[in-house]
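Below: the structure, in structure tokens.
The values are calculated or read from the model by the stated rules, or taken from the named source; none is laboratory data. This is a predicted model, so every value here is computed, not measured. Backbone-built Cβ (ideal geometry, glycine too); neighbour counts: all protein chains shown.
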């Protein structure tokens with residue numbers, strides 16, 4: 001067997017061609033772009049199931065809307081005030097602070113309580129009580145009955161019965177209150193202190209009356225609760241008042257008795273008598289000490305003047321005595337006259353001497369007056385000193401007496417404070433008791449109905465448009481989820497990247513011919529061909545000759561690419577005999593082999609030099625499409641009934657065909673006919689006269705019976721069907737063939753959904769271009785930064 005590979009590299013997806021033409025399928029995209037395209041591909045491959053589930057969801061929603069009973073909801077609004085305790089709010093700090101969220105939510109739950117529901121039932125009339133229950137949807141009722149019957153079925157089969165428990169007796173009002181509680185709604189409106197109360201029923205008038213009854217029951221219940229609070233508070237405070245009154249009286253008596261025993265006289269706001277005396281005597285002692293200091297200072301100054309020159313000019317400023325001032329003025333005048341006479345008459349003149357004698361007399365008079373004043377000041381100082389000593393002694397005695405009685409006074413003050421405390425507590429509690437008695441007759445409401453419920457004009461449920469949209473979205477969600485789950489668990493091959501991801505070579509991804517644009521027109525044109533020999537016998541025969549009838553199709557373009565990959569630049573390269581097989585039946589291997597052989601024969605130098613052999617003995621599809629089932633062929637050549645030259649027949653498309661041939665009853669099994677000599681006579685002898693040999697082989701699982709034929713081939717091309725062939729089966733087939741010594745040229749992915757309308761300007765191509773441009777712009781921005 002020729003074990004050489006082709007001169008061209010069998011490129012995986014994204015690899016570079018030897019000729020430098022770039023990637024196998026155009027430009028390389030970023031992972032983000034590939035992910036977006038993959039998502040679109042998954043949605044496009046499963047659009048039928050997604051659309052079907054969306055339609056199912058829409059239909060189910062429509063059925064629900066059509067069969068559901070109309071429900072009307074009436075709503076009333078209640079304003080709530082501060083929930084501070086009415087008994088303690090008078091003296092409580094921050095009594096007017098806003099309500100906390102938990103307090104408002106507590107009132108919402110209180111409206112939903114059984115107590116409010118029972119109060120609302122008592123307010124309703126008989127007609128409204130009959131329609132409290134909301135009717136159940138018929139479908140849900142049937143499902144509930146079915147589930148109940150299914151639970152009881154095992155017990156019935158074994159002949160047992162479920163024990164029936166006698167329910168506790170419930171009054172009709174309580175039963176109706178529980179029904180009302182199940183259907184009532186209460187919620188806070190935003191951040192406001194307003195609660196919206198709603199009720200749903202199949203009768204709009206009943207819904208409005210029940211909603212109003214619940215709101216009014218809440219307001220009246222709150223009013224009753226506040227009255228009850230005042231009543232309980234009054235009953236609790238009355239015995240405490242009597243007790244506090246007795247304690248206050250007893251504390252006052254104890255304080256007065258203790259003061260009388262210890263001779264403690266209270267002057268009211270001025271305090272006790274002892275404290276007042278200490279304060280007054282302390283002030284008097286301070287004043288006496290000040291007078292003594294002043295008298296001593298004046299006396300000392302007079303003594304100092306007498307010891308010094310009495311003619312000091314500051315004597316008139318120190319003493320405000322009129323006699324001294326007069327004497328001082330006379331003395332000054334005499335001195336000035338003496339000085340004047342000395343300048344005019346001289347110091348020895350009689351007039352000067354006479355005035356000197358007058359000066360000495362005036363000076364002596366001034367001294368005499370100062371001595372008299374000094375004696376008077378000494379007497380004043382002694383009197384002030386004596387008074388100071390007397391008052392100091394009295395103050396010391398009073399302080400000693402006060403210290404002795406200090407403990408008694410402290411005790412007296414404690415008793416006074418105790419009496420005042422009891423009296424204040426008693427006064428405050430008495431005022432609150434008076435408020436409680438007044439509020440019992442007229443309590444202030446803490447909630448008000450600001451918007452009563454009105455009869456609704458339109459039903460609130462079912463919401464047709466919303467339910468239909470929800471059904472559509474749910475159905476679409478199930479469809480998309482199923483599509484992605486199918487894609488996740490699906491091991492079938494759908495894209496070439498799956499092959500390259502497993503280390504396999506993908507030679508081409510061929511679209512399904514019937515999806516090609518112009519397929520029907522080309523088929524009609526071929527069937528109307530003037531030459532009857534050129535007309536295809538069937539649609540399958542037309543598809544097997546697409547190279548002739550649709551040369552500009554994407555299918556043929558990709559066959560040209562595959563030809564360049566396989567054969568390279570040398571038309572007589574090492575790949576001479578090529579076998580075409582498949583993994584499983586129905587992959588389209590015969591269609592590929594026929595078109596590939598015709599494509600090889602369309603070359604000018606290969607016209608009539610390409611041989612196609614139908615080696616699929618069981619199916620003989622190539623022979624049937626070529627209308628050569630009755631002609632001699634491969635089996636006849638191997639059995640020796642004719643030679644290969646006689647069995648080969650020319651076919652439209654400038655190819656030669658060696659049909660499968662006929663099997664006679666006496667012929668051995670065809671695996672026994674496949675001898676190396678026979679295969680060499682068919683394949684090996686034609687290397688000089690032929691350019692290529694294309695052999696249509698049976699599927700991979702039947703190839704072991706054709707071992708001599710496989711040894712005569714230079715390479716195998718495996719055709720797999722997109723969306724049906726498992727990647728595991730393909731990998732196993734390639735491994736088995738390569739393990740047996742065969743050369744696998746690559747994989748051809750046939751019947752892909754990558755149609756030209758999408759590939760050439762469709763939504764997927766636009767999305768690919770947009771994602772690529774966005775990724776390139778992002779990369780440029782990062783590079784610039």
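Details
- For segment 71-101, the set of residues classified as at pLDDT 75 or above and either in contact with a helix residue (DSSP H, G or I) (Cβ under 8 Å, 6 or more places away or on another chain) or surrounded by 13 or more Cβ atoms within 10 Å (Cβ to Cβ) (or both) consists of 71, 72, 73, 74, 75, 76, 77, 78, 79, 80, 81, listed by residue number.
- Of the residues examined, residue 445 is not one that is closer than 30 Å to residue 193 by Cβ, at pLDDT 90 or above and not in a helix (DSSP H, G or I).
- Search result, residues across segment 728-738 that are in contact with a helix residue (DSSP H, G or I) (Cβ under 8 Å, 6 or more places away or on another chain) and under 21 Å from residue 590 (Cα atoms): 730, 733, 737
- Residue tally, condition surrounded by fewer than 18 Cβ atoms within 10 Å (Cβ to Cβ), outside any loop (DSSP other than H, G, I, E, B) and free of Cβ contacts under 8 Å to residues at least 60 places away in the same chain, over segment 504-525: 5
- Residue 104 vs. criteria touching a strand residue (DSSP E or B) at 6+ places or on another chain (Cβ under 7 Å), at pLDDT below 90 and in a helix (DSSP H, G or I): yes
- The listed residue being modelled with pLDDT of 90 or more and assigned to a helix (DSSP H, G or I), out of 679, 734: 734
- Restricting attention to segment 210-219, the residues that are in contact with a helix residue (DSSP H, G or I) (Cβ under 7 Å, 6 or more places away or on another chain) and surrounded by fewer than 24 Cβ atoms within 10 Å (Cβ to Cβ) total 2.
- Flag for residue 627 being out of contact with any helix residue (DSSP H, G or I) (no Cβ under 6 Å at 6 or more places or on another chain) and closer than 24 Å to residue 707 by Cβ: no
- All positions within segment 259-291 that are surrounded by 13 or more Cβ atoms within 10 Å (Cβ to Cβ), modelled with pLDDT of 75 or more and within 16 Å of residue 408 (Cα to Cα): 259
- Checked against the criteria, residue 671 does not count as part of a loop (DSSP other than H, G, I, E, B) and either on the phi > 0 side of the Ramachandran plot or over 60 Å from the mean Cα position of the chain (by Cα) (or both).
- Residues satisfying the criterion are present in segment 647-656 (criterion: farther than 22 Å from residue 540 by Cα and assigned to a helix (DSSP H, G or I)).
- When 388, 414 are screened for being assigned to a helix (DSSP H, G or I), loosely packed, with under 13 Cβ neighbours inside 10 Å and at pLDDT below 90, only 414 passes.
- The set of residues in segment 701-731 that are in a helix (DSSP H, G or I) and within 21 Å of residue 682 (Cβ to Cβ) comprises 702, 703, 704, 705, 706, 707, 708, 709, 710, 711.
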